[in-house]
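> Would you mind keeping the following structure in view while I ask a few things?
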């Protein structure tokens, strides 16, 4: 049983704006696309985590649940939970995992996780942390629900050290653009030790031409992928 710089307005308004924004993404089918977009950088992270078969894992900002399903296959004797601010994303996740008693999904936010202390051996978050209204509060909550000796892993593409993503500030909901060192400091302030950060380049081939709205051209997209996603992780002291 499962017992930097900020854009935007007040905390309650930010949470509601995020809920509405990601509900819209769910309605547009973008939840399913997140797996294709993020899998190339997520798989190397999972390799580094070296999950044991009996682990209890939480995914913060789980979207439609693609990572929860993947992790559940890696921990066949364990259990996995996902939380997301979007009730529509959670509805999709529950539908896709109906009948799986080792998997649980809840509507919630990083700074108010609906789980008891020390519930999980690992906590992960993919492309979510920069949306949290208060990253320190989110990491402090993650520390609370992490069991002694467990660890937290955050992977994000939007961070200050990668200059090729700064233009997203005008395209995203309210966000924090922090550096790798700032994220690592927040981990330490939240009580994690043995904190490290690294980059995971995205090996996805870049098209000859780019016509999307996130990058100026294919050359910028290529540089962005070469810089890589930021991985920050830390351990909760065993005693």
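Readers should treat all values here as calculations from the given coordinates under stated rules, not as data from a laboratory. The shown structure was predicted, so the numbers you read here are calculated from the model rather than taken from an experiment. We place every Cβ from the backbone using ideal geometry, glycine too, and count neighbours over all the protein chains shown.
> Give the dimensionless ratio obtained when the Cα radius of gyration of region 176-224 is divided by 2.2 N^0.38 Å.
Its radius of gyration relative to the 2.2 N^0.38 Å reference: 1.65.
> Please sort 198-211, 119-132 by packing, taking for each peptide the average over its residues of neighbouring beta carbons within 10 angstrom, highest first.
Ranked by mean Cβ neighbours within 10 Å, highest first: 119-132, 198-211.
> Can you compute the helix-only [θ] at 222 nm over the chain? Use -39500 (n - 2.57) per DSSP H run of at least 4 residues, normalise by all residues, nearest 500 deg cm²/dmol.
Numbers: 7 runs with 87 residues, N = 239.
Dividing the helical sum by the residues of the chain leaves -11500 deg cm²/dmol.
> Additional query: I want the antiparallel fraction of DSSP beta bridges within region 114-239, as a percent rounded to 5.
Bridges in region 114-239 are about 65 percent antiparallel.
> Counting pairs of Cα atoms in region 111-182, how many percent are more than 18 Å apart?
In whole percent, the share of Cα-Cα pairs in region 111-182 beyond 18 Å is 42.
> Can I ask one more? Peptides 143-149, 153-159: what's the order by average Cβ count within 10 Å, highest mean first? Don't jump to the answer; show the numbers that get you there.
On the way: 143-149: 17.9, 153-159: 22.9.
Result, highest mean Cβ count within 10 Å first: 153-159, 143-149.
> Along Cα→Cβ, 7 Å out, is where each label goes; now give me the distance between the ones at residue 48 and residue 216 in nm to one decimal.
Calculated label separation equals 2.9 nm.
> Moving on. Restricting to the chain, compute how many DSSP beta bridges are antiparallel as a %, nearest 5.
The answer is about 40 percent antiparallel.
> Once label points are set 7 Å from the Cα along Cα→Cβ at both residue 168 and residue 77, what is their separation, rounded to one decimal in nm?
3.8 nm
> With a 10 Å radius around each residue's Cβ, average the other Cβ atoms per peptide and rank 97-103, 67-73, highest first.
Packing proxy ranking, top to bottom: 67-73, 97-103.
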